[in-house]
Every structure is written in structure tokens, then in C-alpha cells.
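The values are calculated or read from the model by the stated rules, or taken from the named source; none is laboratory data. Note that the coordinates shown come from a computational prediction; the quantities given were computed from them, not determined experimentally. Neighbour counts run over all protein chains shown; Cβ positions are idealised from the backbone, glycine included. SASA here: full protein model, heavy atoms, side chains in, ligands and nucleic acids out. Shrake-Rupley method; radii C 1.70, N 1.55, O 1.52, S 1.80 Å.
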Amino acid sequence: DEQGGLWIGTYGGGLTLLKDGRFRTFTIQDGLPDDVVMALDRDRQGNLWMITPQGLVRGSQGKFTRVTASDGLPEVRATAVCGNSPEGVIAATPKGIYRLAQGRFEPFPLSPAGNRGIPEHLLCASDGSVWIGFSSGVIERRLNGASTLFPLRGQVARLYEDPNGGVWAAGKELAKFQNGRFEAVPVEGDGLGNAYTVCMDREGGVWVGLQ
């Protein structure tokens, strides 16, 4: 974060902050709704947003609050969240995609018609675009009021923006968005199988985590 802290979401150990060489852990005893943190992001105001088995959680100044239907989110279960979009905080649930506006979540507009499955992954890119990965293998890009769909072979497992602004998708194949579409990146041998995560190192090498 802006103060040099490293936030770590764990699977069963709560939320940990590493700052100035010291660890501080938040658990259900500190008000965290669940000790399993499946996703973690920060918004432009410094608030934490987490996905737990208990739903979407907002963390601010050491206090944690579950997001419920009274906040405009119609389903407790959240599948993805990103906080650094110019559109504000965006959350995905099996029922759709929602944006935080004036303290309340509302449907995120512009989605084209068609059955794309469940929105499972979100990427708020540095150019202001929002990328959404669906269970059907379709990827949607929303930018400057326009929405565009791109097919991908197999289910989307991970969306990633590299330090150069390139957008990648991992799943049954590794693909990079270029020339107006996602193009598969050739892999030697028997291919990837199932790719679950992708990252670029400081030398430009791309690393892929497999099942």
C-alpha cells in the first residue's frame, strides 16, 4: 500500500499486514467475518476489499464490514472484485456485475445480451478498461462506454495485466490480447493443460502456474 505495507490474504489464517518488519494478523476475533481470504484488492481511497466464504468484505481503519443485500449486492457470494477502476469498486457475483456508486452497489451497465455464464474474474487495467472473464470462456472488455466480447478456448482461470500494459488470459491455453483479439501463445511439448495463474518478471519472462 501507499505506506509500504504488504497485505496478505491466507486460506484459514485470516488477513496479515507486514509493515516495518513486523506482522499483524486480523482474524475473526478482530471482526473479520471469515479466516479464509480468497481475493484481495484496494480501492483508490485505501480501503481493502476481500472475498471470503461469507461474501464480500470491506476493510477500513482496522474495521471489517460485510456487504449485504442492503448495500445493493443481491447475492452474498462474490466471485471477483477490483478496486482501482476509474468506475470505482466493481464486484462480480453469479447474478451479475455491480459497481459501487455513492456508497451503494448498482448494476454495472453496458453488458451486451447473450448467455456468457457466471462472471468469475475481473481485471481493472491501467488504461481504464475493465475485463471480465466468464465461466463460458468469453471475455468482455468495457472501455469508454463500449462493450466488446472475445472468445477464449475453455474456461477463463486468470486475467492479468503485465507491467507493459499487455493483457493476458490463462485457461486451457495461454493467450495475449493483441491485434484486436486474444491470440494463443505457442508452448513447446504437450501444451499447458490447465493454467491457473500468469506473471511477468522484471526481465520480461512470462511464468505460468499449472494445475
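Computed extension length for Asp1-Asp127: 43.3 nm, one decimal, from 0.36 nm per residue of separation with the Cα-Cα distance subtracted. Going by accessible surface with a 1.4 Å probe and the largest first, Arg158, Arg153 read Arg153, Arg158. When nucleic acids and ligands are ignored and a 1.4 Å probe is applied, Thr65 ends up with an accessible area of around 80 Å². Computed on protein heavy atoms with a 1.4 Å probe, the accessible areas place Asp127, Asp34, Asp71 in the order Asp127, Asp71, Asp34, largest first. Among the trypsin sites (Lys or Arg not before Pro) within the stretch 16-107, those in coil by DSSP and having at most 11 neighbouring Cβ atoms inside 10 Å are Arg44.
Each other residue within a Cβ distance under 12 Å of Glu106 adds +1 if Lys or Arg and -1 if Asp or Glu, for a net charge of 0.
In order along the stretch 122-130, the Karplus-derived 3J(HN,Hα) couplings, from 6.51 cos²θ - 1.76 cosθ + 1.60 at θ = phi - 60°, round to 10, 9, 9, 7, 5, 8, x, 7, 10 Hz, and Gly and Pro are given as x.
For Met50, Met200, write out the residues from largest to smallest accessible area, computed with a 1.4 angstrom probe and no ligands counted. Don't skip to the end; give the middle numbers.
On the way: Met50 0, Met200 30 Å².
From most accessible down to least: Met200, Met50.
Looking at the chain as a GNM with Cα springs under 10 Å, which of Ala146, Ala92, Ala125 has the largest mean-square fluctuation? Maximum among the listed residues: Ala146. Taking N as the residue count of the stretch 31-156, its C-alpha radius of gyration divided by 2.2 N^0.38 Å amounts to 1.02.
Under a Cβ-Cβ cut-off of 15 Å, what is the net charge of the residues other than Ser70 that fall near it, where Lys and Arg count +1 and Asp and Glu count -1?
Values: positive: Arg58, Arg66, Arg104; negative: Asp71, Glu75, Glu106.
Summing Lys/Arg as +1 and Asp/Glu as -1 gives 0.
Local charge for Gly128 was computed over the other residues whose Cβ lies under 13 Å away, with Lys and Arg +1 and Asp and Glu -1, and equals 0. Heavy atoms of the protein chains alone define the surface here; on that basis the stretch 1-119 has 54 Å² accessible area per residue at 1.4 Å probe size. Each principal axis of the Cα atoms in the stretch 115-158 has its own extent, and those three values, largest first, are 26, 18, 16 angstrom. Taking 20 °C and 1.002 mPa s as conditions, the chain diffuses translationally at an estimated 119 µm²/s according to Stokes-Einstein applied to its Kirkwood radius (Cα pairs).
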